[in-house]
Structure formats: C-alpha cells, structure tokens
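The structure appears right after this line, and notes come after that.
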Amino acid sequence: MRRWHETTALIAADLIGSFVAFLAALFIRAGRPEPLRFPLSAPEWAIPLLFVAALWIALFAFVGLYGDWRFKSRLEEGVLLAKAVSFGGLVLFILTFDPNSPMPGSRIVILSYWASLIAACGAGRFIVRGSQRHLLRLGKGRRKAAIVGTGSRAHHLLESLARYPVQGHEIVGFVALPDASPPEPGGPVAVLGEADDLPKILTEHGIEEVMFADPQLSRDDVLDVVAQCNGVTTEFFAVPDLYDVVIGRSGIGQLFGTPLMSLFPEYMPVWEWRVKRMIDVALSSVVLVVGFPIWVLLAVAIRLDSSGPAVFSQERVGQDGQIFNVYKFRSMVEDAEKNTGPVWAGDDDPRITRLGRFIRLYRLDEIPQMWNIFKGEMSLVGPRPERPFFVDKFALDIPLYRRRTRVKPGLTGWAQTKLAYDATLDDVREKLTCDLYYIENMSLKFDVIIFLRTVGVVLTGKGAR
C-alpha cells in the first residue's frame, strides 16, 4: 500500500468511525432507535457532524496517527488513539459543562461518544492494518533493503526477515565489506558490491534501508560507511549486540525475534514537532510585529554608521541539505569577503563595524532571521545553519557532519549556549558533538532549557565577539 493510499484509507476509516460513534451515542442516550432517523435526514445535523469529524481528523493528524507506523505495534497505535480521543473528549466536556446541572444528558452522550469513538476508530484502523499486512504477504508495498555483511549473522538476518514478510522488508542483496570472506555461491540474494560503492548501490537499486549485520564491524567502520551516504535518503539499522541491548541504545525495536536498532531514530513525538512549529510561528510573529519600530531604528543606525545595506542575505544549508537565504543585520563593512572569499570572523576582526561589534555582542544581528523562522526555513532552536562552502569543506574532514541537517537549523542551539564562535576545525568537531546530541535528545523541554540559556548568554554578552 502506497503512503498516500494508507493515509487516505485511515482518514476514511476515522470518518466512518466518527459517524458510527455519533449515532451510537444518540442511541445509548435515548435507549430506543427513533433518534437514529433524524441525523441522517435533517440537513441541520449534517454540517455539525462533518465539522466535528473534521476536528477529530485534525487532532489525529496533530498527534501523528497518520505518520509512519511501520516499526510500531497496533497496540501502540491504539493507545495513542485512546489518548487523543480522551483529550478531545475532555475538551468537549469542558466546553459543554453546565455548573447548574449535576449530570445532564449531554454528559452521558459525551461519555458514550468517547467510548464509541475509541471502539469504532480502533476497529477501522484494525481493518486497514490487517489489509496492509495481507498486501505485504503478497509482496506489495515492501521497502527495498540491503544487508551490509556476508557472514553468518547476515544470512541469519536474511532468513529471519524472510520468515516474516509482514515486516515489509524486501532484501535486494548483500554489501560486502573489505577483506571479508566471500559468501557461499548460489545464495538466495546476490552481492551487490562493496561498502565503498554503497552510495552508488543505493541509487542504482532504489534501496531505502541499510542493515548492518557483521559483528566484526567497529563503530568507526559503521560511521565511515554511513558518512559516505550523506545526502542519500536512507534509513540505517543494525543488529545490536549484548551491550546495546543492556544500555537500551538508540531505540531497539523487536522484529518478531530479530531486533533491529535504528542508528538515527526520531525521539521527538509528532505532537511535539507540531507544538514546536506553533511556538516558532507565534514568537517570531511577536518579535517582528511588536519590535518593528526598534528594528527600523536599528536599520537606520546601521546605514548611518557605515555604507551598505542594513540587512543582507546569505546562502545557508537548511534541513535535508536544502539551500535557503538567511537574513541578518549587517555587522561588517560592505563586501567584507570580496578579496578573501568565505572566512570566519576573528577576534578584533577589522571588518566589523563600530555598531556591528555591539549588535554581534548581543546577537541583534540575528533578528531578521525571525522571518526565516516564520516562513518555516528555520526554527527557534536547532543546529546553526552553515554556508554551503563550509559544509562541503567540513564534510570531507568530519564524518557525519551533514547529519546535523536532518532537522531544521535554529536561531540558537545547544552548541551556541556552551561554546564560542568557531575558530578551528576542533571547534567545529566539538560543536558537531553538541548538535548531534541535541538531535538525538530533542524535546520541548530541552528546547526551553536551550532558549533560557540563550537569554542568559545574550544578556551577559558571552560567547560572542
């Protein structure tokens, strides 16, 4: 089942479930079948019924019930569905609460509607997921995957996944490691090539998942292989060892007796992503609108202090490697890199203007990026966006550097609250460690901590020059 087919089927099932739950609630309240006739015949009931159903669809989408559920059980999906319905039912209960009536009939309707909605939508999703599992057994909708390794563990993984086709993995072939013993001839799948050619192999065979299944692979070996695939949309998994299982590393999931560990899992729930975006839009709007007179005066001061535009744009690398223009108040002389090309600003950099030193100290030069945040190119919190020139340069020397572009860049980040501006390649490595730590531990709580630390950094003028 294609992704949009799955989403359409789930929405249709939830719509039908909401209608059934509404009718069931009316029947339960009245205790007789007569009320079931008028919602279907009276036009005045049709619009409110559709409106409420649309609200439920929006709430389900907000919490991620139409997202990717390949590695989660139907029980987990049912629990999230129950939580979403319970939250919506609570809001509905509060909005219709009448303090003058101890328990009016509308309260009974809401309670019965809550239970009926969970049951009806849960049943609909059970049918959709059952249909998906049937299609996977028939070989439809599977994701192409390659196994890195040719030894006994790789063959064991292949056999295990073949026994459970409902997991949706279609193993295209093996990828051999340097100095590895050749696989047995006449095996069930071919050897597609060696690990050094992995980016080419992924593109040629349309592979969407890579699974590491060689116990001799060191962590550095894995990082080297993954680093080669930067820029390729691929998910990476590994067969965990005992150490990984004990410490609960990187979200190990059970695939019927074959556990696989996602190397780059998404820890932040979908609803937190939605709230994060809502906060971005709200706060950027307030800063741009309420502070508009201040920003105009600052722009005029910049023009009076030195020649050149008050605001300039510069290409940066955004989420998934997308190039966008970031906006900043100019803090250097016009055409500061005309003779040098892209270079870092240093201590007592002569290119920095008198006013520019002040606005850099208190990060006021970053204010125009609120427009980037409002447009969705950036977030308030995330790894700082870097210029394409430096991204290409650092990616050659630092494995996994491009992995920081898995999320939207931010106005501030964990690295910015702990470290000063980059001066050496070691500084870049240290910041990359902070960025990857943030990505693997993303949460709204962590964002609040970073934002509060940033306020302290700005007010004290630390970490800037």
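The values are calculated or read from the model by the stated rules, or taken from the named source; none is laboratory data. Owing to the predicted nature of the structure, the values given are computational and were not obtained by experimental measurement. Counting neighbours? That spans all protein chains shown, and the Cβs are built from the backbone with ideal geometry, glycine included.
Numerical summary
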| quantity | calculated |
| --- | --- |
| Filtered residues of the stretch 122-157 (kept if farther than 26 Å from Ala9 by Cα and surrounded by fewer than 20 Cβ atoms within 10 Å (Cβ to Cβ)) | Gly151, Ser152, Arg153, His155, His156 |
| Candidates Ala310, Ala336, filtered to the one that is among the small types (Gly, Ala, Ser) and modelled with pLDDT of 90 or more | Ala310 |
| Answer residue from the stretch 247-273, given it is farther than 19 Å from Ser73 by Cα, modelled with pLDDT of 55 or more and out of contact with any strand residue (DSSP E or B) (no Cβ under 8 Å at 6 or more places or on another chain) and is surrounded by the fewest Cβ atoms within 10 Å (Cβ to Cβ) among those | Glu272 |
| Search result, residues across the stretch 353-370 that are surrounded by 17 or more Cβ atoms within 10 Å (Cβ to Cβ) and either outside any helix (DSSP H, G or I) or under 26 Å from the mean Cα position of the chain (by Cα) (or both) | Thr353, Arg363, Glu366, Ile367, Pro368, Gln369, Met370 |
| Tally of residues being in contact with a Lys or Arg (Cβ under 8 Å, 6 or more places away or on another chain) and of a type in the set (Lys, Arg) across the stretch 295-337 | 1 |
| Residue list for the stretch 416-427, filter: under 23 Å from Val455 (Cα atoms) and modelled with pLDDT of 75 or more | Gln416, Thr417, Lys418, Asp427 |
| Hits in the stretch 382-400 (condition: without any contact (Cβ under 8 Å) to a residue 60 or more places away in the chain, crowded, with 16+ Cβ neighbours inside 10 Å and assigned to a helix (DSSP H, G or I)) | Phe390, Lys393, Phe394 |
| Test: residue in the stretch 281-293 that is assigned by TED's automatic domain parsing to the domain that holds Lys445 and more than 31 Å from the chain's Cα centre (by Cα) | yes |
| Selected residue (criterion: farthest from Arg363 (Cα to Cα)) from residues of the stretch 373-418 that are hydroxyl-bearing (Ser, Thr, Tyr) and in contact with a strand residue (DSSP E or B) (Cβ under 7 Å, 6 or more places away or on another chain) | Thr405 |
| Lone unmet requirement of (1) β-branched (Val, Ile, Thr); (2) modelled with pLDDT of 85 or more; (3) exposed (fewer than 12 other Cβ atoms within 10 Å of the Cβ) for Ile94 | (2) |
| Of the criteria (1) modelled with pLDDT under 80; (2) of a type in the set (A, V, I, L, M, F, W, C); (3) within 15 Å of the chain's Cα centre (by Cα), which one Met442 fails | (1) |
| Selection from the stretch 361-414 of residues that are small (Gly, Ala, Ser) and touching a Lys or Arg at 6+ places or on another chain (Cβ under 7 Å) | Ser379, Gly382, Ala395, Gly410, Gly413 |
